[in-house]
Amino acid sequence: MKKPLVILLIITLLFIISGCQKKETNAGKREEVSLAHPGSFVPQKELYRYVVREKKEHSVQGKVKGGIVPHHLLAGALIADFISLLAEQKPEIIIIVGPNHKNAGAKIISGLYNWETSEGLVETEKSIVNQLQQKGLVVLDDQILSQEHSIGTIVPFIKYYLPDSKIVPLIFHYDVSLKEIDPLVQELAPFLKENAVILGSVDFSHYLTRREAEAKDVVTLKVMKDFNYTTLFRLGNDHLDSPASLATVFRVMEKMGIKEFQVLANTNSGLILQNDFIETTSYFTLLFEN
């Protein structure tokens with residue numbers, strides 16, 4: 001069996017085992033250090049080499065300011081493909097917004113701990129997190145945050161491609177409204193004028209067949225292209241897992257005068273695994289630049 005196929009099978013097995021499981025963690029044992037989510041496989045160097053080797057080339061004309069990536073490691077090549085585009089740009093700060101899958105704790109959560117990965121420590125930009133907390137826009141809860149794989153899956157890729165970048169992690173309950181995220185958007189947008197990027201960690205259609213997922217993605221893509229927030233917040237888990245995370249990225253881009261994006265990839269687990277009989281998750285990677 002060829003080596004890339006073996007590696008893909010390993011990723012697939014770990015995806016099936018981990019997925020969106022609820023697992024406990026011992027985060028917080030060391031002061032200001034949080035473990036990357038233990039329910040998600042943390043890619044090792046050999047897997048990074050695989051996704052780098054398989055990634056597609058994309059054209060970036062300007063400066064990347066925002067994007068959407070998956071948080072399922074079955075789609076790890078898509079995550080690597082996007083974040084590797086930032087390697088030359090070397091942003092100082094990556095704001096990561098994603099779902100709070102357990103809907104635990106406060107509606108919008110951040111934290112001050114750093115993140116341990118197999119590649120080393122990813123630091124949190126504490127000054128921004130403290131600013132958001134002091135203005136009442138987020139609640140600090142490192143215990144809940146450390147268990148959330150919408151953040152924990154992404155940070156190893158950031159450490160690998162952007163070893164000096166710091167992060168601002170934010171997770172949202174599913175029912176967070178546009179009205180609730182707009183004050184946060186107002187606060188985050190100025191940071192994007194500096195050397196920062198906002199990244200939405202969002203998976204799309206869930207638990208459908210490959211063909212059903214593709215049909216849902218057509219609808220979701222139109223909603224995204226239209227910046228149609230009213231419809232976006234009516235979409236359920238059969239379209240995407242975090243309208244608030246997606247809307248946060250899109251609203252920040254609007255604040256910067258960016259109203260278009262590139263679709264770098266759109267696929268689903270049925271296509272990746274070449275299996276039309278499984279319940280799928282679909283994925284988009286989107287890129288905003290100015």
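Throughout, read-outs are computed from the coordinates displayed, never taken from laboratory work. A quick note: this is a predicted structure, and the numbers were derived from the prediction, not measured. As a convention, Cβ positions derive from the backbone with ideal geometry for all residues, glycine included, and neighbour counts pool all protein chains shown.
Per-residue packing, averaged as other Cβ atoms within 10 Å, sorts the ranges 175-181, 280-286 into the order 280-286, 175-181, beginning with the highest. Restricting the range 214-282 to trypsin sites (Lys or Arg not before Pro) that sit in a DSSP loop and have at most 12 other Cβ atoms within 10 Å of their own Cβ leaves R234, K259. The length gained on full extension between A106 and F277, counted as 0.36 nm times the residue separation minus their Cα-Cα distance, comes to 57.8 nm. Across the range 233-248, the residues whose backbone nitrogen lies under 16 Å from the label position 7 Å along the beta-carbon direction of V263 are 239-240. The alpha carbon radius of gyration of the range 118-204, expressed as a multiple of 2.2 N^0.38 Å, is 1.11. If the chain linking K90 and V139 were pulled fully straight, counting 0.36 nm for each residue of separation and taking away their Cα-Cα distance, it would gain 14.8 nm.
A DSSP coil position with no more than 14 other Cβ atoms inside 10 Å describes the following trypsin sites (Lys or Arg not before Pro) in the range 98-128: K102. Extension gain, V218 to N237, is 5.4 nm, computed as 0.36 nm per intervening residue step minus the present C-alpha separation. The chymotrypsin sites (Phe, Trp or Tyr not before Pro) of the range 137-230 meeting both criteria, a DSSP state outside H, G, I, E and B (loop) and at most 16 other C-beta atoms within 10 angstrom of the site's C-beta, are Y174, F227.
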